[in-house]
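Single-structure report; data block below.
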Amino acid sequence: MENINGEVIKQLRKDKGLTQQDLASKSSVSQAHIARIENGTVDPRLSTVNSLLKALSDDKATLTVRDVMSKPIHSVSPHKTVQEASRLMIESGISQIPVILNGVVGTITERDIIKRITNNPTVKDLLVRDIMSDPLPTVAEGSLLKDVEPILEVFPAVIVSQKGGNLVGIVSRADIISTI
């Protein structure tokens, strides 16, 4: 077996697309200690290496929203028509789209459209802002999937953001199912 050293830990972490802080959150090893291990200035205990390796494994308990999110994020302006939004949903194979205008202002879902079609056959000409729902919740890209699961029991998806608020993806119930 290959000798597990700081360089191996660093490469595994980078292969997963994790920052040292992400790994610290997943492993309960401090970011400063991970930095020292990766730089070779400290020789970690076996228990620390095991904790880091477990966090870097494909164990479902350590999956983050970054690991399963769909990207890029598709969005629509509140000034677009429902027909334009529904075409984008069909072409992209998605069931909801964040509505963005200087930030997330709402969500349009298949359900929003279907609810109105029976009472209004011209729903396609309405503007997205006229039928959109409240915005989807936003979570940090390093959030553990197991912590987001309760949110997905209430909402069809969550928006994923980086530090600084940049939207980088979306996690839907279908994305979770695809991890099986």
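Only the coordinates and a few stated rules stand behind these numbers; no lab work does. Remember, it's a predicted structure, so these values are computed and weren't measured experimentally. With ideal geometry, Cβ positions are generated from the backbone for all residues, glycine too; neighbour counts draw on all protein chains shown.
Just a few scattered comments:
- If R0 equals 22 Å, the separation of the Cβ atoms of residue 178 and residue 15 corresponds to a calculated FRET efficiency of about 0.65.
- Gyration tensor (Cα) of segment 1-118, equivalent ellipsoid semi-axes in angstrom: 45, 14, 11
- Anisotropy class of segment 6-57 from Cα gyration tensor, a/c 1.5 cut: rounded
- A straight chain from residue 114 to residue 101 at 0.36 nm per residue would run longer than the Cα-Cα distance by 2.3 nm.
- Partner lysines for residue 54 [C-alpha distance under 24 Å; skip if fewer than 8 residues away on the same chain]: 10, 14, 16, 26, 146
- Over segment 6-57, relative contact order from alpha-carbon pairs under 8 Å, at least 6 apart, %: 43 percent
- The value of relative contact order for segment 67-177, using C-alpha pairs under 8 Å at least six residues apart, is 29 percent.
- Selected from 12, 46, 145 as most flexible by GNM, with the chain as the system and alpha-carbon contacts under 10 Å: 46
- Segment 121-169: C-alpha gyration tensor shape, a/c 1.5 cut-off, then a/b vs b/c: oblate
- Inter-part distance, segment 107-180 to segment 34-102, computed on C-alpha centroids, equals 15 Å.
- Charge dipole (segment 6-57, unit charges on Cβ, about Cα centre) - positive-most of 32, 50, 8: 50
- Summing charges over all other residues whose Cβ lies under 15 Å from the Cβ of residue 154, with Lys and Arg as +1 and Asp and Glu as -1, gives -2.
- Cα-based helix-to-principal-axis angle, 6-15 vs the chain, degrees rounded to 10: 10 degrees
- Where trypsin sites (Lys or Arg not before Pro) fall in DSSP loop in segment 73-180, at most 16 other Cβ within 10 Å: 163
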